[in-house]
Amino acid sequence: MKTVTLSTLQALKRAGEPFSCLTAYDATFARTASEAGIEVLLVGDSLGMVLQGHTSTLPVTLDDICYHTRCAAQGKGASLLMVDLPFMSNATTERMLEDAGALMRAGAEMVKVEGEAWMADGIRELSRRGVPVCAHLGLTPQTVHQLGGYKVQGRDADHAERILEDARTLAEAGASVILLECVPASLGRAVTEALDVPVIGIGAGPDTDGQILVMHDVLGVTGGRTPRFVKNFMAEADDIQGAFQRYHEDVKARRFPAEEHGF
Ligand code: KIV
């Protein structure tokens with residue numbers, strides 16, 4: 001695979017070719033995913049749940065994410081490395097800039113931040129300083145207590161319209177990528193068609209430009225109830241590299257996600 005950059009993702013969107021994204025938190029899994037062809041790796045704050053065993057992402061610190069970013073950066077190969085800003089990094093523009101700076105110094109090539117249109121100033125300032133930003137909308141796990149659980153967002157027309165407007169505002173402010181989590185497939189399609197920037201989906205239907213899953217879900221090792229948008233690719237593979245490859249190929253061929261994975 002040629003080195004994946006933001007321009008690669010933009011070109012894939014223009015060509016109508018989907019791309020695959022997967023979480024990775026260390027060098028070995030980053031290398032395995034990159035060698036399987038996965039275009040984007042995410043050091044997600046989901047590490048709080050799948051590595052640290054918490055019930056939410058809120059306890060994850062900037063130091064935790066910097067540590068895992070340094071690890072994943074060693075194995076990322078040609079994949080693009082996106083990294084999550086942890087809970088409360090979006091509290092002020094100054095804090096966003098400082099925390100994003102720490103992640104970029106640790107090896108991030110793009111930062112992801114959860115929130116809504118009110119993050120426009122922070123995203124504008126990051127973008128002015130050359131930091132590519134992915135804005136995470138829809139189900140934002142850092143606000144799980146306000147949302148009352150991990151629930152599908154944008155089911156009614158007003159909320160769907162608000163999410164679409166937020167995505168437009170943040171893309172205009174300088175977000176290079178939008179990530180939509182747990183929204184109806186119709187909204188995933190509407191946002192993808194409305195924006196020039198690549199849109200990544202998780203539980204957002206088959207029509208977004210990219211798809212992302214948590215590595216542990218792809219390998220079928222997540223404890224407890226698995227969400228509907230997840231598929232265990234290990235069930236059809238001989239080894240971990242094979243599972244990542246199968247996921248990548250199914251995304252590229254638009255076989256994943258299927259209707260049963262959507263809302
Ligand atoms: O932290 C994470 O792994 C994420 C993905 C679920 C998109 O944000």
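The values are calculated or read from the model by the stated rules, or taken from the named source; none is laboratory data. Fair warning: this is a prediction, and the values are worked out from it, not measured in the lab. FYI the Cβ positions are ideal-geometry reconstructions off the backbone, even for glycines, and counts take in every protein chain you see. For the accessible areas, the whole protein counts, side chains as well, though only heavy atoms, and no ligand, DNA or RNA atoms are used. Shrake-Rupley method; radii C 1.70, N 1.55, O 1.52, S 1.80 Å.
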In terms of solvent-accessible area of protein heavy atoms at a 1.4 angstrom probe, what is the ranking of Thr208, Thr55, highest value first? Thr55, Thr208
List the aspartates and glutamates whose alpha-carbon lies under 14 Å from that of Lys151, not counting same-chain residues fewer than 8 positions away? Glu181
Taking every other residue with Cβ under 13 Å from the Cβ of Met96 and scoring Lys and Arg +1, Asp and Glu -1, one gets -2
Set the Förster distance to 22 Å, then compute FRET efficiency between Ala27 and Thr61 from the Cβ-Cβ distance, nearest 0.05. 0.60
Using a 7 Å offset from Cα along Cα-Cβ at Leu51, what residues in the range 134-168 end up with backbone N under 18 Å from the label point? 142
Would you calculate a helix-derived [θ] at 222 nm for the chain, using -39,500 (n - 2.57) for each DSSP H run of n ≥ 4 and dividing by the full residue count, to the nearest 500? -12000 deg cm²/dmol
Around Ser46, under 10 Å between beta carbons, what's the net of Lys plus Arg minus Asp minus Glu among the other residues? -3
May I ask you to derive the FRET efficiency for Ala194 and Thr92 from their Cβ-Cβ distance with R0 = 30 Å, giving the value to the nearest 0.05? 0.55
Alpha carbon centroid spacing (whole Å) that separates the range 62-136 from the range 137-203: 19
With a 19 Å threshold on alpha-carbon distance, the violating pairs from Lys2/Lys231; Lys13/Lys252; Lys112/Lys252; Lys112/Lys231; Lys76/Lys112 are Lys2/Lys231; Lys112/Lys252; Lys112/Lys231
Scaled radius of gyration (Cα, divided by 2.2 N^0.38 Å) that the chain gives: 0.90
